[in-house]
There are 2 protein chains.
Amino acid sequence: MNLTWKQAFLLGGLFLFQKISMEIIPASAQMKQWSRRCKAQGKSIGLVPTMGYLHEGHLSLIRRCRAATDSVVVSIFVNPTQFGPGEDLDRYPRDEEGDLRKCRELGTDAVFMPDASQIYGPNHQTYVEVGPVAEPLCGATRPGHFRGVATVVLKLFNIVLPDRAYFGSKDYQQLQVIKTMVRDFDLDVDVVACQTVREQDGLAMSSRNAYLSPEERNEALCLYKALTRARALFAAGETNGDNYLKAMREIISREPNAEIDYVSLVDPESLQDLEKVDSRALAALAVRVGRTRLIDNMLLE
Amino acid sequence: MNLTWKQAFLLGGLFLFQKISMEIIPASAQMKQWSRRCKAQGKSIGLVPTMGYLHEGHLSLIRRCRAATDSVVVSIFVNPTQFGPGEDLDRYPRDEEGDLRKCRELGTDAVFMPDASQIYGPNHQTYVEVGPVAEPLCGATRPGHFRGVATVVLKLFNIVLPDRAYFGSKDYQQLQVIKTMVRDFDLDVDVVACQTVREQDGLAMSSRNAYLSPEERNEALCLYKALTRARALFAAGETNGDNYLKAMREIISREPNAEIDYVSLVDPESLQDLEKVDSRALAALAVRVGRTRLIDNMLLE
């Protein structure tokens, strides 16, 4: 390609403008207007809902969204209703400036960054009541968590009007809860499940990894090791669910600071415990490493 | 106006075609398509959600909707999730043919008539959890009722995509529950409250009036009489809430087959009991006349 200096300058300017022109939207009403304008222009909208402190996992969602939709919206909102008492709402890591830079670099069109009062008015009282899919796994140890997740996601859908929304598979149960809500409430959003992104040694990316001391960071690898062990058993044709659980528990028990919240082998759709492994299973676990609760899962098929 | 025979014939044909061209839509997917087509053509959509057995109250909603929107959708669905055990789901009156004729006569564009399996799939598990606004009055004696109402209305909104939805004020608490949901879930639907339509003697129109024997029909007038008494007290400047309740109860107690479910004087927004009447109040009651539970209310302002 041969460009004159003038052409190159114009192209560079256009590129720069596109990078700069990302809108940062703090208010729901303004976000609705922005989305309605996109719709009126016949543009598709993709939403990547996040709680900020963006890592490579989030960025992979934004890239995938960028490739598939006209308008990319990233929401950054640490949603209070999905945290229980004594959980880490107050110390959840934040990096507004870094998040906006990353969003801009990936060509995000709008970042929706409301504060809690924008999302929950003073007399807010209506919630999404989630069903059996939200009961096992994290639902059992974090009561109310998925009610909060589903409520905020429904609200984000109604504010942003996405054609597609992108979620990571590390939060596998969250994905199932949202898919179930979309089906049960007749929502017109295509829920796109994206692969878990891992560090080089296998640790699933998570904003909460920032809490880990170097020693804990090392011990945290036991989640991935346990899942890898489950995968090996599956490849070897193991059918007894208990043997998976024992093997995974054994690996985690080796770490002095790791405490099991749950270790489960479940049906990938219903999330009900599997005693006998047939063609498909999901190995899922939540482990507290020091003060930090980490989750991970692996689909066996 | 002077028309030739040909012009008159064409006009008549057009009129007839319009009457005939009402669509009857049994499936959610088909309804969604129809609504999306309207939207794509830039047409506004109005929804009148009903459980059928249409009376003059419903018809007033349809007329008001017809006057304000391009496309009028009436939904007819006896929603099982809003009936409690032992309530009248099985004997709720139905008149499909009469309903369709009335809708057609009023220029309805589409009637959405799903059966229960269209609305609640085999594994349906997500509901709308309603808050304090749903607790007093009918919420206290019909547990789960407003959860069912809010869930089906949310689903209807997502299927039909109305710009406006029309509800009668006889079901005053239902209206408040839906307004609250629309606010809390950021829905873009204008909820239009329409006046209660009454029989000549004052009885509020209701599909359930069909249950009443001639004698019960006569006794049923006690609801309106009690409300009228409350209105007279308000006009006379009565401020003590208890005096309203006593007066209304007294009128209802005169009827041998009338049994009070509740008689209340509440704040018209929060629906919380009012001990002292200031500038506004809602008198609301539910009375069982024979086997038939009737409700009515009157805004005092």
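With point charges of +1 on the Cβ of Lys and Arg and -1 on the Cβ of Asp and Glu, referenced to the Cα centre of chain A, which listed residue (A:Val74, A:Gly290, A:Ser117) lies farthest in the positive direction of the dipole?
A:Val74
B:Ala27 label points, 7 Å along Cα→Cβ, one per copy: pairwise distances from this copy to the rest in nm, shortest first?
4.4
Hey, what do the phi angles of region B:179-194 turn into as Karplus ³J(HN,Hα) couplings, whole Hz, using 6.51/-1.76/1.60 and θ = phi - 60°, x for Gly and Pro?
Going residue by residue, I get 4, 5, 4, 4, 5, 6, 9, 6, 7, 9, 10, 8, 8, 9, 8, 10 Hz, with x marking Gly and Pro.
Sort shortest first the distances from A:His55 to its counterpart in every other copy, using label points 7 Å along the Cα-to-beta-carbon line, and give them in nm.
In ascending order, 6.1 nm.
Label A:Glu301 and B:Glu275 with points 7 Å out from Cα along Cα→Cβ: what is the distance between them in nm?
My value for the distance between the label points is 6.1 nm.
Between 0 and 90 degrees, rounded to the nearest ten: what's the tilt of helix A:96-105 against the longest Cα principal axis of chain A?
70 degrees
Looking at region A:90-157, which chymotrypsin sites (Phe, Trp or Tyr not before Pro) are DSSP coil and have at most 11 other C-beta atoms within 10 Å of their C-beta? All intermediate terms of the calculation are to be shown ahead of the outcome.
Numbers: sites: A:Phe112, A:Tyr120, A:Tyr127, A:Phe146, A:Phe157; in loops: A:Tyr120.
Loop-located and lightly packed - none at all.
If each DSSP helix of 4+ residues adds -39,500 (n - 2.57) and the sum is divided by the residues in chain B, what number results at 222 nm, nearest 500 deg cm²/dmol?
On the way: 11 runs with 123 residues, N = 301.
Mean residue ellipticity, 222 nm, calculated: -12500 deg cm²/dmol.
Report, by chain and number, residues whose modeled amide H sits under 5 Å from the one on B:Ser75, excluding near sequence neighbours (fewer than 5 apart, same chain).
Those qualifying (amide H under 5 Å, at least 5 residues apart or on another chain) are B:Val48, B:Thr50, B:Phe112.
Whole-Hz Karplus ³J(HN,Hα) for region A:158-172, in order, using 6.51 cos²θ - 1.76 cosθ + 1.60 and θ = phi - 60°, x for Gly and Pro?
6, 7, 8, 6, x, 7, 9, 9, 10, 9, x, 7, 4, 8, 5
Which value, in debye to the nearest 20, gives the size of the charge dipole of the protein assembly as shown about its Cα centre, when Lys and Arg are +1 and Asp and Glu are -1 at the Cβ?
The calculated dipole for the protein assembly as shown is roughly 1840 debye.
With the contact rule set at Cα under 8 Å and sequence spacing of 6 or more, what percent relative contact order holds for region A:207-301?
Details: 159 pairs, mean separation 29.3, N = 95.
In percent, rounded to a whole number, it is 31.
If you place +1 on the Cβ of every Lys and Arg, -1 on the Cβ of every Asp and Glu, and leave all else neutral, what size is the dipole of region A:193-288 about its Cα centre, to the nearest 20 Debye?
That gives a dipole near 200 debye.
Which listed residue (B:Asn257, A:Gly202, B:Leu212) has the Cα farthest towards the positive end of the charge dipole for the protein assembly as shown, taking +1 on Lys and Arg C-beta and -1 on Asp and Glu C-beta about the Cα centre?
A:Gly202
Could you give the angle, 0 to 90 degrees to the nearest 10, between helix B:5-20's Cα long axis and the longest principal axis of the Cα atoms of chain B?
50 degrees
Ordered by residue, what ³J(HN,Hα) values in Hz, to whole numbers, does region A:256-273 give under the Karplus form 6.51 cos²θ - 1.76 cosθ + 1.60, where θ = phi - 60° and Gly and Pro are x?
x, 9, 9, 10, 6, 8, 8, 10, 9, 10, 10, 5, x, 9, 7, 6, 7, 3
Using modelled backbone amide H atoms (1.01 Å from N, in-plane), which distant-in-sequence or interchain residues come within less than 5 Å of A:Ser44's amide H?
Amide H neighbours of A:Ser44, under 5 Å, 5+ apart: A:Asp70, A:Ser71.
Determine, for B:Thr81, B:Thr50, the number of other Cβ atoms within 10 Å of each Cβ, and report the residues in order from fewest to most. Intermediate values should be presented prior to the final figure.
Values: B:Thr81 19, B:Thr50 24.
Ascending Cβ contact count within 10 Å gives the list B:Thr81, B:Thr50.
Sequence neighbours fewer than 8 away in the same chain don't count; with that in mind, list the lysines whose C-alpha is under 28 Å from B:Lys179.
Candidates past the 8-residue exclusion: A:Lys32, A:Lys39, A:Lys155, A:Lys179, B:Lys32, B:Lys39, B:Lys43, B:Lys102, B:Lys155, B:Lys170, B:Lys276.
Could you name the residue in chain A with the C-beta closest to the rotation axis that superposes chain A on chain B, along with the separation in whole Å?
Per the A/B rotation axis, the closest residue of A reads A:Glu129, 2.
Restricting to Cα pairs below 8 Å that are 6+ residues apart, what does the relative contact order work out to for region B:5-194? Please round to a whole percent.
Details: 288 pairs, mean separation 52.1, N = 190.
Relative contact order here is 27 percent.
Does anyone have the angle between helix B:28-40 and the longest principal axis of chain B? Alpha-carbon axes, 0 to 90°, nearest 10?
For helix B:28-40, the angle is close to 70 degrees.
Region A:231-301: which chymotrypsin sites (Phe, Trp or Tyr not before Pro) are DSSP loop and have at most 13 other beta-carbon atoms within 10 angstrom?
Working: sites: A:Phe234, A:Tyr244, A:Tyr262; in loops: none.
Here no chymotrypsin sites (Phe, Trp or Tyr not before Pro) fit, given the DSSP loop and packing criteria.
Assign one of three labels to the protein assembly as shown, namely rounded, prolate or oblate, based on the Cα gyration tensor with a ≥ b ≥ c the square roots of its eigenvalues; rounded applies when a/c is under 1.5, prolate when it is not and a/b is larger than b/c, and oblate otherwise.
Details: a/c = 2.10, a/b = 1.59, b/c = 1.32.
Prolate is the answer for the protein assembly as shown, as a/c is 1.5 or above and a/b outweighs b/c.
When a/c reaches 1.5 or more, the comparison of a/b and b/c decides; with that in mind, is chain A rounded, prolate or oblate per its Cα gyration tensor? Walk me through the numbers before you get to the answer.
Working: a/c = 1.86, a/b = 1.56, b/c = 1.19.
Verdict is prolate for chain A.
List the residues, sorted by chain then number, that are 5 or more residues from B:Gly168 or on another chain and whose placed amide H is less than 5 Å from its amide H.
Answer set, sorted by chain and number: B:Cys194.
All of the numbers you see were taken from the coordinates with simple rules; none came from a lab. Quick caveat, the model's predicted, so the values are computed rather than measured. With ideal geometry, Cβ positions are generated from the backbone for all residues, glycine too; neighbour counts draw on all protein chains shown.
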